[in-house]
Amino acid sequence: MKEIVYDNHFNKNEWFILVSLCIGVIMIYLFPKRFCKQIAIIFFMCGVFFGFFSDHTLSVVPISFYDIGDTSDFEFMDLLSQINYGPYSYLFFYIYDRYRIKLKFSPIYILCCSWISVGLELLSDVFGVYHYQHGYNIYYSYAIYLIVFSIWTGLYHIVKMHGIKQVGLNTDMR
């Protein structure tokens, strides 16, 4: 498939990715620590993994529902945009733990976080980070956020219940 070039300058989409990543990392650094380092890394990497997995499932040939960044090829800024999911996944777990959201209220939390994520994705789209094609629209992203956040909620409860005993580390999340 031929490469599509949307832009060839360092401009608003790259700045949006860098500023967003900096805000996320600063946020993690400034928030009081709630998790041990191993758990914090797991929660951070959930965002990186699911972002990378989702983006590469939906944005590669033959599907290619959207492109990220300046071209349809994978670039360094695309990698940074996917690392950008890390601080926000950490925030998802942080808020869930901080406010001790009960399992019966998890669906409300998941719905709210999905709407916020859609809003952030729309903002990213305004800055030219995403280029939708072949009929893809933000409603599909909403469904994906619902699924991912549901998985993360289950992961949170598994980690909280079992800790990280299997590798012989402290089971306390803090």
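The values are calculated or read from the model by the stated rules, or taken from the named source; none is laboratory data. These numbers were taken from a predicted model, which means no experiment stands behind them. Using ideal geometry, Cβ is built from the backbone for each residue, glycine included, and neighbour counts are taken over all protein chains shown.
Checked against (1) under 15 Å from the mean Cα position of the chain (by Cα); (2) at pLDDT 95 or above, Ile108 meets all criteria but (1).
Looking at the stretch 127-146 only, could you name the residues that are of a type in the set (A, V, I, L, M, F, W, C), in a helix (DSSP H, G or I) and either modelled with pLDDT under 95 or exposed (fewer than 12 other Cβ atoms within 10 Å of the Cβ) (or both)? Step through it out loud before you land on a result.
Filtering the stretch 127-146 for residues of a type in the set (A, V, I, L, M, F, W, C) gives 127, 129, 138, 143-144, 146.
The next check asks that each one be in a helix (DSSP H, G or I); those that pass are 138, 143-144, 146.
Scanning the stretch 127-146 gives Ile138, Ala143.
Pairs are defined by a Cβ separation below 9 Å, a sequence spacing of at least 6 or placement on different chains, a first member in the stretch 152-174 that is over 24 Å from Tyr109 (Cα atoms), and a second member that is modelled with pLDDT of 85 or more and in a loop (DSSP other than H, G, I, E, B); the pairs so defined are Ile164/Cys36; Leu169/Cys36; Asn170/Cys36.
Consider the stretch 9-50 and keep the residues that are among the aromatic types (Phe, Trp, Tyr) and assigned to a helix (DSSP H, G or I). The one that is farthest from Gln82 (Cα to Cα) is Tyr29.
Can Phe52 be described as modelled with pLDDT under 95 and either of a type outside the set (D, E, K, R) or touching a Phe, Trp or Tyr at 6+ places or on another chain (Cβ under 6 Å) (or both)? Yes; evaluated as a whole, the condition is true for this residue. Taking the stretch 23-59 as the range and being out of contact with any helix residue (DSSP H, G or I) (no Cβ under 8 Å at 6 or more places or on another chain) and buried (at least 19 other Cβ atoms within 10 Å of the Cβ) as the test, only Ser59 passes.
Yes/no matrix, rows are residues, columns are (1) touching a Leu at 6+ places or on another chain (Cβ under 9 Å); (2) among the aliphatic types (A, V, I, L, M); (3) on the phi < 0 side of the Ramachandran plot; (4) touching a residue at least 40 places away in the same chain (Cβ under 8 Å):
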{"site": "Phe31", "(1), (2), (3), (4)": "yes, no, yes, yes"}
{"site": "Ser59", "(1), (2), (3), (4)": "no, no, yes, no"}
{"site": "Ser64", "(1), (2), (3), (4)": "yes, no, no, yes"}
{"site": "Asp67", "(1), (2), (3), (4)": "no, no, yes, yes"}
{"site": "Leu111", "(1), (2), (3), (4)": "yes, yes, yes, no"}
{"site": "Ile116", "(1), (2), (3), (4)": "no, yes, yes, no"}
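Evaluated against (1) more than 30 Å from Val5 (Cβ to Cβ); (2) of a type outside the set (S, T, N, Q); (3) outside any helix (DSSP H, G or I); (4) at pLDDT below 90, Met161 falls short on exactly one condition, (3). Residues in the stretch 51-86 that are in contact with a strand residue (DSSP E or B) (Cβ under 9 Å, 6 or more places away or on another chain) and assigned to a loop (DSSP other than H, G, I, E, B) were compared, and the one that is nearest to Tyr132 (Cα to Cα) is Phe65. For Ser89, indicate whether it is surrounded by 16 or more Cβ atoms within 10 Å (Cβ to Cβ), touching a Cys at 6+ places or on another chain (Cβ under 7 Å) and within 20 Å of His157 (Cα to Cα). So Ser89 passes the test.
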